[in-house]
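Rule-based calculations on the coordinates, nothing more; no lab input. Computed from a predicted structure; not experimentally measured. Virtual Cβ from ideal backbone geometry, glycine too; neighbours counted across all protein chains shown.
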Amino acid sequence: MLCEFCKQGDVLKVVVTKTHETIEICDECETVWYNKDGRIIVTNYDQYMSERGIAPVWSEISII
Ligand SMILES: [Zn+2]
């Protein structure tokens, strides 16, 4: 799926290893989409991971 923001990256479904949360992330601009209480939250990878105390590096997630 093409990213609606940068129109270049591919949106990947991934699992965050430490929290087991499933999120979607653009492999180009690192926009993140996730579901919270039935609503889709749009943020970016740095913000998302820092809120959880995890380093915002790709080794913390696994593509599913
Ligand atoms: Zn993007």
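Are any residues in region 18-39 under 12 Å from the mean Cα position of the chain (by Cα) and away from the ligand (no atom under 13 Å from the Cβ), and if so, which ones? Quick ask: steps written out before the conclusion?
Going residue by residue through region 18-39, those that are under 12 Å from the mean Cα position of the chain (by Cα) are 21-35.
Answer for region 18-39, where residues must be under 12 Å from the mean Cα position of the chain (by Cα) and away from the ligand (no atom under 13 Å from the Cβ): GLU21, THR22, ILE23, TYR34, ASN35.
Could you tell me which of the residues GLN47, GLN8 is within 14 Å of the ligand (Cβ to nearest atom), among the polar types (S, T, N, Q), free of Cβ contacts under 8 Å to residues at least 40 places away in the same chain and farther than 13 Å from ILE61 by Cβ? Step through it out loud before you land on a result.
Details: GLN47 fails: within 14 Å of the ligand (Cβ to nearest atom).
Being within 14 Å of the ligand (Cβ to nearest atom), among the polar types (S, T, N, Q), free of Cβ contacts under 8 Å to residues at least 40 places away in the same chain and farther than 13 Å from ILE61 by Cβ holds for just one of GLN47, GLN8, which is GLN8.
Within region 15-64, which residues are of a type outside the set (S, T, N, Q), over 20 Å from CYS3 (Cβ atoms) and touching an Asp or Glu at 6+ places or on another chain (Cβ under 8 Å)?
Those that are of a type outside the set (S, T, N, Q), over 20 Å from CYS3 (Cβ atoms) and touching an Asp or Glu at 6+ places or on another chain (Cβ under 8 Å): LYS18, ILE54.
Just one of the numbered conditions (1) outside any loop (DSSP other than H, G, I, E, B); (2) surrounded by 12 or more Cβ atoms within 10 Å (Cβ to Cβ); (3) among the hydroxyl-bearing types (Ser, Thr, Tyr) is not true of SER59; which one?
(2)
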